[in-house]
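One structure is given here, and the rest of the page talks about it.
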Amino acid sequence: MGIFLADRFRYFEAYAPGEQPRDRKYVKLNTNESPFPPAPGVARALAECAETLNLYPDPTYAALRGKLAALHGVTPDMVTVGCGSDEILDFIFRAFLSDRGAVFPDVTYGFYKVLAELYGIAYREIPLRDGFAVAPSDYAPTAPSGGNPAVVLAEPNAPTGIAAGEKAITEILEADPLRPVVIDEAYADFSGVSAVPLLGKHKNLIVVRTFSKSRSLAGGRVGYCVAFPEIIRDIDLIRFSTNPYNLSRAAVAAAEASLDDDGYFKECVETVVRTRDRFAADLRAIGFDLSDSSANFVFARCPEISGKRLAAVLRERGFLVRRFDGERIKDHLRITVGSRSDMAALFSELKNIAGK
Ligand SMILES: *Cc1c(COP(=O)(O)O)cnc(C)c1O
């Protein structure tokens with residue numbers, strides 16, 4: 001720590017992203033990236049875009065917003081864009097959660113807690129029920145309408161892969177129509193269900209989405225938000241006040257080219273879903289314990305081997321997976337669904353290690 005760091009950061013713990021090692025070649029199944037390259041049109045779009053990099057991008061991102069609005073059947077004033085959905089979450093926490101605070105599950109995306117601490121936002125972690133289930137009654141308001149903390153949920157949840165379902169989300173939205181409900185849909189393309197249609201009835205809904213997982217663009221850094229126009233305007237207030245050019249021209253070109261190739265997108269998602277279901281069934285057959293995943297990863301535990309040991313052995317054998325320290329999940333591994341051949345190779349290692 002240097003001598004200039006502000007006091008409030010002296011004990012601050014940064015978010016720890018999954019590692020991106022360079023020491024050897026691993027089968028990388030630790031950060032939920034896509035095993036497939038971006039749509040073929042992305043490379044062409046990037047080449048064309050190179051010549052325009054002397055110019056700033058359009059700070060309203062009108063073309064990309066238009067395409068995203070069409071994708072979701074909303075108007076362009078209901079969409080704004082971020083440098084990854086992490087930046088959208090950052091904007092949302094700053095814009096809406098500072099005074100009212102936030103609640104989110106005890107087992108969820110670690111970034112929510114880090115953002116809350118970064119901005120001094122009061123937060124409460126609500127324990128998931130048995131089987132890592134979200135019980136809507138646990139999010140029942142305690143203050144008069146409007147005075148309640150915002151609810152932040154990943155749907156499907158990470159790292160569990162479990163979807164709470166539309167009924168649960170509707171119940172949480174309706175419980176207090178004057179509190180924001182942020183639904184992080186990083187993995188929703190793999191469940192095939194989005195909360196966006198609920199915007200028809202619920203003005204307090206804020207949906208966060210990303211190109212990182214299902215569109216093979218984690219390195220492109222493109223996320224976006226779908227919400228009511230007044231909410232989008234408030235997010236843009238923060239966006240314009242921090243970095244009005246938050247998406248590079250290259251990121252925009254890649255995102256637009258990806259949206260233009262719906263066939264490729266669907267094929268990649270379908271392949272991941274089929275591979276996931278096959279891998280999950282295989283793991284169950286050799287005695288692993290796992291929940292039904294609606295995402296592009298599985299969250300699994302081997303009853304006979306600790307998570308720490310299993311992750312270490314896999315690493316020695318060239319497979320990177322993600323493990324977390326929390327008491328409830330320390331023996332689980334979050335395993336990204338990679339290519340069919342990578343999953344077949346991983347399964348035969350796991351079978352071997354588990355002695356089956
Ligand atoms: C991966 C992930 C994100 C962030 O993705 P970006 O690359 O910043 O778009 C957000 N939320 C959840 C739950 C994630 O798993």
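Please go through the range 122-137 and give me each residue that is within 23 Å of ALA186 (Cα to Cα) and either more than 16 Å from the ligand (Cβ to nearest atom) or of a type in the set (Phe, Trp, Tyr) (or both), ordered by number. I'd like the intermediate steps shown before the answer.
Step one: list which residues in the range 122-137 are within 23 Å of ALA186 (Cα to Cα), which gives 123-129, 131-136.
Hits for the range 122-137 are TYR123, ARG124, ILE126, PRO127, ARG129, GLY131, PHE132, ALA133, ALA135, PRO136.
Kindly indicate the residue of the range 122-149 that is in contact with a Gly (Cβ under 7 Å, 6 or more places away or on another chain) and closer than 30 Å to SER293 by Cβ and also surrounded by the most Cβ atoms within 10 Å (Cβ to Cβ) among those meeting that condition.
Within the range 122-149, the subset in contact with a Gly (Cβ under 7 Å, 6 or more places away or on another chain) is 122-123, 149.
Remaining after also requiring closer than 30 Å to SER293 by Cβ: 123, 149.
Numbers: TYR123: 18, PRO149: 23.
Once the filter is applied, the top-ranked residue is PRO149.
Out of VAL222, VAL193, VAL152, VAL181, report the one residue that is buried (at least 22 other Cβ atoms within 10 Å of the Cβ), under 17 Å from the mean Cα position of the chain (by Cα) and more than 13 Å from the ligand (Cβ to nearest atom). Step through it out loud before you land on a result.
On the way: VAL222 fails: more than 13 Å from the ligand (Cβ to nearest atom); VAL193 fails: buried (at least 22 other Cβ atoms within 10 Å of the Cβ); VAL152 fails: more than 13 Å from the ligand (Cβ to nearest atom).
One residue alone meets the criteria, VAL181.
Looking only at the range 102-121, how many residues end up being farther than 22 Å from TYR187 by Cβ, in contact with a helix residue (DSSP H, G or I) (Cβ under 7 Å, 6 or more places away or on another chain) and not hydroxyl-bearing (Ser, Thr, Tyr)?
First, the residues of the range 102-121 that are farther than 22 Å from TYR187 by Cβ: 117-121.
From the residues that got through so far, the ones that are in contact with a helix residue (DSSP H, G or I) (Cβ under 7 Å, 6 or more places away or on another chain) too are 119, 121.
Still in the running and not hydroxyl-bearing (Ser, Thr, Tyr): 121.
Looking only at that region, the number is 1.
If I ask for residues that are near the ligand (Cβ under 9 Å from one of its atoms) and either assigned to a strand (DSSP E or B) or over 10 Å from the mean Cα position of the chain (by Cα) (or both), which ones from the range 208-218 would you list? Explain how you work it out, then say what you get.
Step one: list which residues in the range 208-218 are near the ligand (Cβ under 9 Å from one of its atoms), which gives 208-213, 217-218.
Listed by number, the residues that qualify are VAL208, ARG209, THR210, LEU217, ALA218.
So the check is Cβ under 6 Å with 6+ separation or different chains; which pairs have a first residue in the range 80-99 that's within 15 Å of ALA186 (Cβ to Cβ) and a second one that's part of a helix (DSSP H, G or I) and within 11 Å of the ligand (Cβ to nearest atom)?
GLY82/ILE88
Report those helices (runs of 4 or more DSSP H) wholly inside the range 27-106 carrying at least 1 residues which are more than 16 Å from the ligand (Cβ to nearest atom) and out of contact with any Gly (no Cβ under 6 Å at 6 or more places or on another chain).
Numbers: elements: 40-50, 62-72, 85-92.
Hits in the range 27-106: 40-50, 62-72.
Quick check on my filter: what residues within the range 323-339 are open to solvent by 40 Å² or more (accessible area, probe 1.4 Å) and not in a helix (DSSP H, G or I)? Write out each step before concluding.
The initial filter retains those residues of the range 323-339 that are open to solvent by 40 Å² or more (accessible area, probe 1.4 Å), namely 323-325, 327-328, 330-331.
Answer for the range 323-339, where residues must be open to solvent by 40 Å² or more (accessible area, probe 1.4 Å) and not in a helix (DSSP H, G or I): ARG323, PHE324, ASP325, LYS330, ASP331.
Look through LEU247, LEU205 and report the one residue that is more than 16 Å from the ligand (Cβ to nearest atom), buried (at least 24 other Cβ atoms within 10 Å of the Cβ), under 20 Å from the mean Cα position of the chain (by Cα) and touching a residue at least 12 places away in the same chain (Cβ under 8 Å).
Numbers: LEU247 fails: more than 16 Å from the ligand (Cβ to nearest atom).
Criteria check complete, one pass: LEU205.
For the range 166-178, state whether one or more residues are within 12 Å of the chain's Cα centre (by Cα), open to solvent by less than 40 Å² (accessible area, probe 1.4 Å) and free of Cβ contacts under 8 Å to residues at least 40 places away in the same chain. Before you say what the answer is, go through the steps one by one.
Restricting attention to the range 166-178, the residues satisfying the condition of being within 12 Å of the chain's Cα centre (by Cα) are none.
No, there is no match, as no residue in the range 166-178 is within 12 Å of the chain's Cα centre (by Cα), open to solvent by less than 40 Å² (accessible area, probe 1.4 Å) and free of Cβ contacts under 8 Å to residues at least 40 places away in the same chain.
Only one residue in ALA281, ALA257, ALA227 is more than 15 Å from the ligand (Cβ to nearest atom), surrounded by 21 or more Cβ atoms within 10 Å (Cβ to Cβ) and over 20 Å from the mean Cα position of the chain (by Cα). Which one?
On the way: ALA281 fails: surrounded by 21 or more Cβ atoms within 10 Å (Cβ to Cβ); ALA227 fails: over 20 Å from the mean Cα position of the chain (by Cα).
Being more than 15 Å from the ligand (Cβ to nearest atom), surrounded by 21 or more Cβ atoms within 10 Å (Cβ to Cβ) and over 20 Å from the mean Cα position of the chain (by Cα) holds for just one of ALA281, ALA257, ALA227, which is ALA257.
Condition (residue is outside any loop (DSSP other than H, G, I, E, B), within 14 Å of the ligand (Cβ to nearest atom) and under 27 Å from LEU290 (Cα atoms)) applied to the range 169-177: is it met by at least one residue?
Step one: list which residues in the range 169-177 are outside any loop (DSSP other than H, G, I, E, B), which gives 169-175.
Narrowing the set further to residues that are within 14 Å of the ligand (Cβ to nearest atom) leaves none.
No.
Is there a residue being open to solvent by less than 30 Å² (accessible area, probe 1.4 Å) and over 20 Å from the mean Cα position of the chain (by Cα) anywhere in the range 105-121?
There is at least one residue in the range 105-121 that is open to solvent by less than 30 Å² (accessible area, probe 1.4 Å) and over 20 Å from the mean Cα position of the chain (by Cα).
The values are calculated or read from the model by the stated rules, or taken from the named source; none is laboratory data. Fair warning: this is a prediction, and the values are worked out from it, not measured in the lab. Glycine also receives a Cβ, built like all others from the backbone with ideal geometry; neighbour counts cover every protein chain displayed. Please note that ligands, DNA and RNA were not included when accessible areas were found on the heavy atoms of the full protein model with its side chains. Shrake-Rupley method; radii C 1.70, N 1.55, O 1.52, S 1.80 Å.
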